[in-house]
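Taking it in order: structure first as structure tokens, then the write-up.
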Amino acid sequence: MTRIKQLSEMLSNQIAAGEVVERPASVVKELCENSLDAGAQRLDLELDAGGTRLIRLRDDGMGIEPDDLPLALSPHATSKIASLEDLEKVTSLGFRGEALASIASVSRLTLTSATEDADHATRIRLDGRGEPDMVPAAHPRGTTVEVKDLFFNTPARRKFLRTERTEYNHCEEVMRRLALARPDVGFVLRHNAKATLSLKPAQTQVEREQRIASLCSKGFIESSIGIEFEAMGLRLRGWVGLPTFNRSQADLQYFFVNGRIVRDRLVTHAIRQAYRDVMYHDRHPAYVLYLEMDPAGVDVNVHPTKHEVRFRESRGVHDFLFHSLHRALADTRAGAQPLASVQIDEVDSVASNASSLTGQPVTQIEQANLWSRPNAAAVSDTMAVYQALSAPSAAVSRGESVQPSAPALADMEHDDIPPLGFALAQLKGVFILAENRDGLVVIDMHAAHERITYERMKQAHREGGVRAQPLLVPMTIALSRREADCVEEHAATLSQLGLELQRRGEEAVMVRQVPVMLSGADIAQLVRDVIADLMQYGNSSRIEGNMDEIMAGMACHAAVRANRQLTIAEMNALLRDMERTERSGQCNHGRPTWAVQSMAELNRLFLRGR
């Protein structure tokens, strides 16, 4: 060790570049965010060799004053904040004032800019060493930044870069995220002199949905729900994929807070919990969501790359996200109609209809309900509900007619036809074939009845509350002091969940009471998991989730089995129940319960009209 000494400005900038500039995509992100903060309405990005040889970004923003150009390349110089109060409510994408200085320290950088009232533009060059060179230049209003030979003076960093294709893909993903965050801005991307992305500004809802379809695939926009919720000073809008449109990886998840793309564990947990009841555990939902809130309620200055944020009221944000998405997914009843259709330009190689399912009640035809909801007051526990749902209908048992044959659709008004139509026949004892206003509907009768039964069991259980039973021999669980403190702090919450925990010493608790349905579970592990959730998110849904899993299994056993012959009346009653039941578009495991083949698709299949 030598004596303490002051680092040179160049070395300090190169160390800072290690945090800010990881690869060409990091440069693209910082430059594009500066352009958006400058009010640009169009961004043209040109890359060469994946951005390692050249990154050139041109915008039509407000430009930079000539006297400010040297400051723009200085560390911690910015026009976006001036005081601590500004830092506590940041509204711009960038604010640290270190990006350009860090980039210039590891590349050959040229910055050309002109303001609205300037006689000419000014160009400044910096090649990673020495003093900047300023000369007059010709340039329209706005700014162009050229970054050449990235990491030319730090070869060790250059060795860690991947192939040209990989680096380009990272740059393209940055542009994709920014294009989703700012639909009102046009984006053009060229790689090796070839245009790869061209997006016009999207001002209307139809144009915004066109952009979503071009960036996230037509499948996503066809299988997504448009949502908008507002409460507690928070506003959530965007698109969430239906549970049946799930992914093997979390590669189609975009969440923006006040226009800034973030990856936050609290947000991810809330969204996963909203999908918990309708999706396989090893699958991932798809979504593009925008959260708008008071900038003072979120701290964006917690990570050098600004990907992570910290919410001041984290529990409130978590609960708002969960309940909003949970409600939206619950309203995906079978047969719900899309809000609008979106035609995608053929230039974008995407042609689809955007489906946004409504949350409005569907048209209902009076039917005898063979799967009627049991009275929660008449059953003492969930097993009684299970038995009530498993029992055959008394009307069917007596051989009584429940409903006459379905009327001819041609004789009915369009609005009087139920969304799932009327049953025609049963196929192989597995599927129900029905006719609705659009064409042929195919229903998986076991999956549909499973969801209906499950939702009613949950409703009956919620109305009766969590039934708990005391342990004959109380169980002692060893915890850390911090976990034991959490038990005392959240005693009321734990009691509502059916858990009665009593602290025993500094690092132990005694379990005296557990929910009836979970008496056979691993209580020690369950308690630790619940405490971990309370410490991280302020609440826990593990007990509810475990109970739901038990009821889902019971509902599966109670649902009608394959090869059970149903009458037309029973089929129609099942269709009406599907239209009234929440989440009936998919079964308890996330599989679709029904599909429709329109007349247009049937005509194409049989080449009719040719």
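Since every read-out is calculated from the coordinates, none of them should be taken as a lab result. These numbers come from a predicted model, not from an experiment. FYI the Cβ positions are ideal-geometry reconstructions off the backbone, even for glycines, and counts take in every protein chain you see.
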| said: What's the ranking of 479-488, 102-111, 4-13, 284-293 by average number of surrounding C-beta atoms within 10 Å, highest first? | reply: 102-111, 284-293, 479-488, 4-13
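Dipole size in debye (nearest 20) for segment 5-121 around its Cα centre, Lys and Arg Cβ +1, Asp and Glu Cβ -1?
Here segment 5-121 has a charge dipole of around 600 debye.
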| said: With the cut-off at 1.5 for a/c, could you classify segment 54-181 from its C-alpha gyration tensor as rounded, prolate or oblate? | reply: rounded
| Simple label model, 7 Å out from Cα along Cβ direction - SER248 to ARG528, nm | 3.2
| field | All lysines inside 25 Å of LYS29 as judged from Cα atoms, apart from same-chain residues fewer than 8 positions distant | value | LYS80, LYS89, LYS148, LYS159, LYS194, LYS200, LYS306
| Among LEU73, SER35, ALA179, whose Cα lies farthest out toward the positive end of the dipole of segment 9-197, if unit charges sit on the beta carbon of Lys, Arg (+1) and Asp, Glu (-1)? | ALA179
| Spin-label pair THR166/ASP294, simplified geometry with 7 Å Cα→Cβ offset, distance in nm | 4.5
| field | Footprinting exposure proxy for PHE220, PHE152, PHE160 (fewest neighbouring C-beta atoms within 10 Å first) | value | PHE160, PHE152, PHE220
| task | Could you work out how far apart the two model spin labels at GLU506 and LEU87 are, taking each label as a point 7 Å from the Cα in the direction of the beta carbon, and quote it in nm? | result | 3.7
